[in-house]
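Take a look at the structure below.
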Amino acid sequence: SEPDMPLELRQVMLNTALGDSERMRKLIQDFLTLSNLESGRIQWHLESLPLEECISLAISRTRTRINTEDLPEIAIQIPQELPLVRVDGDWLVEVISKLLDNACKFTPADGQITIAARCNDSQMLEVIVADTGRGIEPNRLEVVFDRFYQEEGALRRTAGGTGLGLAICRQIVNSWGGQIWAESAGKDRGSQFHFTVPISENRHEQMSLVTSG
């Protein structure tokens with residue numbers, strides 16, 4: 001509304017306002033999601049799904065949200081004969097997306113993010129999202145999953161985020177009987193986020209039928 005304000009300054013102020021309102025929208029959305037998860041108000045629609053489909057959807061979602069020029073290379077290392085997982089597909093995509101977003105925040109564009117999976121026992125499948133970014137101090141490997149936890153200082157301001165993404169991931173994974181944890185060799189040595197999800201019993205039944213046939 002200031003007639004003498006330069007157009008460039010007006011655009012800067014508008015962009016700042018838009019950025020702040022978008023961050024507030026994400027904060028409210030994540031807070032409501034976490035609140036519903038913690039109170040048990042989420043209705044799960046569990047089904048047997050291939051992990052690869054959920055990973056592909058999560059990567060597409062991340063590429064839509066983040067400028068391609070700022071996105072590190074994302075490599076997928078998934079064995080061909082993985083069993084199906086018994087999960088709510090939409091929420092599994094949400095977990096992988098949030099872990100990818102987190103990795104992108106702390107990994108430079110010339111770095112790499114890797115998504116891998118393996119069967120760690122007869123009932124659970126382990127998924128790993130690893131990056132070559134700034135890493136995590138050993139004493140913070142647990143607290144990164146606390147609600148509203150964010151890195152301090154200038155990094156906090158440039159990385160953005162709501163501080164609720166990893167807390168949401170923990171609630172989702174725990175609700176399915178899985179676990180989630182972080183590993184890192186320390187500062188500037190990358191980090192790995194692991195989580196487990198149940199393997200579909202239907203897949204085991206199908207394999208048994210094929211074997212017996």
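Think of each Lys and Arg Cβ as +1 and each Asp and Glu Cβ as -1; about the Cα centre, that makes the dipole of the chain roughly 280 debye. Over the chain, Cα pairs under 8 Å with separation of 6+ residues give a relative contact order of 22 percent. Comparing Arg134, Arg170, Arg25 in a Gaussian network model of the chain, where Cα atoms under 10 Å apart are tied by springs, the biggest mean-square fluctuation is seen for Arg25.
Surface composition of segment 7-103: carbon and sulfur make up 53 percent of the accessible area, probe 1.4 Å. Build a GNM of the chain with springs between Cα atoms under 10 Å apart, and of Ser200, Ser48, Ser122 the one that fluctuates most is Ser122.
Computed with a 1.4 Å probe on the full set of protein chains, the accessible area for Asp146 sits at about 60 Å². Rg of the Cα atoms in the chain, relative to 2.2 N^0.38 Å, amounts to 1.16.
With every protein chain left in place and a probe of 1.4 Å, what is the accessible surface of Met124, to the nearest 10 Å²? My reading of the accessible area for Met124 is about 30 Å². Residues of the chain were split at every exposed loop site, defined as GluC sites (Glu not before Pro) in a DSSP loop with at most 15 other C-beta atoms within 10 angstrom, and the longest piece left, sites excluded, is 1-80. For the residues His194, His45, a 1.4 Å probe over the protein chains yields an accessible-area ranking, largest first, of His45, His194.
Look at the dipole of segment 1-143 built from charges on Cβ: of Ser39, Phe106, Leu51, the Cα furthest out on the positive end belongs to Ser39. Across segment 46-53, computed HN-Hα scalar couplings (Karplus, 6.51 cos²θ - 1.76 cosθ + 1.60, θ = phi - 60°) run 7, 8, 8, 9, x, 4, 4, 5 Hz from first to last residue, x flagging Gly and Pro.
Solvent exposure of the chain amounts to 58 Å² per residue of accessible area, where only protein heavy atoms count and the probe is 1.4 Å. Local charge for Leu46 was computed over the other residues whose Cβ lies under 10 Å away, with Lys and Arg +1 and Asp and Glu -1, and equals -1.
The values are calculated or read from the model by the stated rules, or taken from the named source; none is laboratory data. In this text the structure is predicted, and so the values were computed from the model without any measurement. Methodologically, a virtual Cβ is constructed for each residue, glycine included, from the backbone with ideal geometry; neighbour enumeration extends over all protein chains shown. These area figures cover heavy atoms from the full protein model, side chains too; ligands, DNA and RNA do not enter into them. Shrake-Rupley method; radii C 1.70, N 1.55, O 1.52, S 1.80 Å.
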